Amino acid sequence: MTRPDGGAGTTTPWDVVVVGSGGAGMSAAITAADAGASVLVVTKSALGASNTGRAQGGIQAAVGPEDTPDTHFRDTFAAGHDRGEPSLVRRLTEDGPGAIRWLAGLGVPFTEDDGELRIIRCGGASRPRLLQAGERTGAEMVKALRAGVRARIISIMETTRVVGFEPAADGWLVRTDDPEHREIQTRTLLLAAGGGLRGEADRLGVGSTNHPDATPEVLETAVALGAEAVHLDSWQRHPTGSVWPEALAGYALPETTRSYGATLLDRDGNRFVDELAPRDVVANAIIETVAAGQGVTAPNGRDAVWLDTTAIDRVNGSGFTAERLAYVTNRYRKAGVDITREKVMVFPVLHYRNGGLRIDDHARTTLSGLFAAGEIAGGVHGTNRLMGNSLLDTVVFGRVAGQAAAETAINQRRTM
Ligand SMILES: Cc1cc2nc3c(=O)[nH]c(=O)nc-3n(C[C@H](O)[C@H](O)[C@H](O)COP(=O)(O)OP(=O)(O)OC[C@H]3O[C@@H](n4cnc5c(N)ncnc54)[C@H](O)[C@@H]3O)c2cc1C
């Protein structure tokens with residue numbers, strides 16, 4: 001770490017301390033630094049280690065010829081059961097195309113076919129809207145954002161856990177587990193520590209797609225301090241968590257397998273749901289099918305239904321799966337399964353916290369000087385998130401939060 005003191009002396013506070021370095025934290029840090037703020041990122045593991053880096057499917061934004069931000073708004077709002085905050089959903093969808101341009105400018109290599117962006121349709125979307133950077137969009141985003149952070153004057157405390165924070169005279173006091181920097185002063189505090197569903201899954205003893213760092217202590221501290229929250233207990237399951245082989249437990253087959261034509265089948269080989277319905281509809285249909293005795297039992301004794309990945313090449317031609325889903329294909333091949341020849345067993349797993357800290361259009365929480373962005377914040381997705389909207393959320397609201405926190409801190413600095 002450099003400049004642990006805010007840049008000018010041991011008692012000088014930082015303008016902005018960002019907690020977490022996923023898509024939201026790094027987008028916020030870059031934006032705050034570009035706005036002229038002194039910025040410190042505190043993050044639990046290496047810079048960029050996060051759920052963001054695990055995202056495979058892609059990122060939604062209304063950039064297609066048949067699409068508009070308004071259509072994206074309507075799809076997002078409806079999928080969230082009309083419980084999203086309209087102004088936040090509007091912001092997400094209207095800023096979507098700009099967020100993609102910003103990411104491309106940072107170096108995210110969005111995939112093109114014949115010189116045009118590849119845009120595919122995913123569950124709950126009425127138009128093709130999902131952009132991809134190869135098959136590991138989140139990893140490509142992390143790579144570009146990390147380079148963007150490192151290219152700026154942004155200080156970083158890696159392998160450091162935030163263990164508490166509280167309001168202080170001129171902002172916030174942040175406590176960490178770093179013995180040399182147990183207390184850090186900042187004018188504004190920006191929480192981008194994710195939704196923490198791995199921690200929730202571990203408490204319940206159930207499976208989760210989440211990174212081991214995804215624990216909810218930062219969210220819980222904010223709530224304990226009195227920050228308002230919305231739909232905190234609304235959790236999303238990923239419909240197609242891998243059940244077998246055992247080596248792939250916790251791995252979720254990306255939504256794009258269904259976009260490309262994989263079908264869900266019960267034990268008799270019958271389809272039982274529209275595979276491109278919103279996630280909660282698909283996950284619930286799988287759970288109900290199993291509960292009705294129409295599922296299958298994996299060799300490890302766990303319940304499942306079939307995801308017929310062999311349908312993808314039947315629909316699109318031989319070789320399509322190997323080309324478009326090379327990462328998934330290889331992961332299964334290493335575990336002894338050829339997904340172009342065999343169906344796979346899946347069951348929903350805990351994946352995403354739909355709700356979180358209440359924020360306004362400037363990503364301000366209800367506590368003064370405390371900002372939140374990404375999965376730790378609520379209101380954008382109502383009570384059900386559309387696939388691909390979370391990566392977009394991290395960039396749109398990460399940038400909003402970074403800008404607003406920087407402006408607040410700089411104004412405060414000038415008036416002192
Ligand atoms: C397997 C998987 C696949 C996904 N696929 C997609 C997809 O295709 N498209 C899509 O839109 N979304 C997808 N998602 C969801 C999306 O990736 C996440 O919701 C989003 O990236 C969250 O970003 P974030 O920046 O808010 O939080 P995260 O990326 O979770 O980052 C949180 C950061 O906070 C840090 N942190 C946590 N606690 C502390 C602490 N106490 N002190 C210091 N640091 C802390 C963590 O180490 C991490 O760096 C997927 C998620 C998973 C798990």
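The values are calculated or read from the model by the stated rules, or taken from the named source; none is laboratory data. Bear in mind that the values here come from a model prediction, so they are computed numbers and not experimental data. Cβ coordinates were reconstructed from backbone atoms using ideal geometry, including for glycine residues, and neighbour counts include every protein chain displayed.
For this structure, a couple of remarks:
- Residues located in the stretch 172-194, provided they are β-branched (Val, Ile, Thr), within 13 Å of the ligand (Cβ to nearest atom) and within 26 Å of the chain's Cα centre (by Cα): Val174, Thr176
- Residues that are closer than 16 Å to Ala193 by Cβ and either of a type in the set (D, E, K, R) or not assigned by TED's automatic domain parsing to the domain that holds Ala192 (or both) within the stretch 132-165 comprise Glu158, Arg161, listed in sequence order.
- Among the candidates Ala326, Ala311, residue that is among the aliphatic types (A, V, I, L, M), in contact (Cβ under 8 Å) with a residue 40 or more places away in the chain and surrounded by fewer than 17 Cβ atoms within 10 Å (Cβ to Cβ): Ala326
- Qualifying residue in the stretch 320-335 (condition: part of a helix (DSSP H, G or I), assigned by TED's automatic domain parsing to the domain that holds Ala169, of a type in the set (Lys, Arg) and within 13 Å of the ligand (Cβ to nearest atom)): no
- Checked against the criterion of being under 19 Å from Ala24 (Cβ atoms) and basic (Lys, Arg), the candidates Arg175, Arg161, Arg182 yield just one match: Arg161.
- Residue match in the stretch 385-394 (condition: more than 15 Å from Ala79 (Cα to Cα), in contact with a Ser or Thr (Cβ under 9 Å, 6 or more places away or on another chain) and more than 10 Å from the ligand (Cβ to nearest atom)): no
- Any hit, the stretch 188-196, residues being farther than 23 Å from Ala55 by Cα and assigned to a strand (DSSP E or B): yes
- Considering Glu275, Glu342, Glu375, the condition of being crowded, with 19+ Cβ neighbours inside 10 Å and in a loop (DSSP other than H, G, I, E, B) is satisfied by Glu275 alone.
- Test: Glu140 is within 14 Å of the ligand (Cβ to nearest atom), part of a helix (DSSP H, G or I) and surrounded by fewer than 20 Cβ atoms within 10 Å (Cβ to Cβ): no
- The condition of being within 18 Å of the chain's Cα centre (by Cα) and surrounded by fewer than 19 Cβ atoms within 10 Å (Cβ to Cβ) holds for only one of Arg54, Arg118, Arg127, that being Arg54.
- Pair list, Cβ under 9 Å, 6 or more apart: the stretch 198-224 residue more than 10 Å from the ligand (Cβ to nearest atom), other residue of a type in the set (D, E, K, R) and part of a helix (DSSP H, G or I): Val206/Glu200
- In summary, Glu166 fulfils each of the numbered conditions (1) within 15 Å of the ligand (Cβ to nearest atom); (2) acidic (Asp, Glu); (3) outside any strand (DSSP E or B) with the single exception of condition (3).
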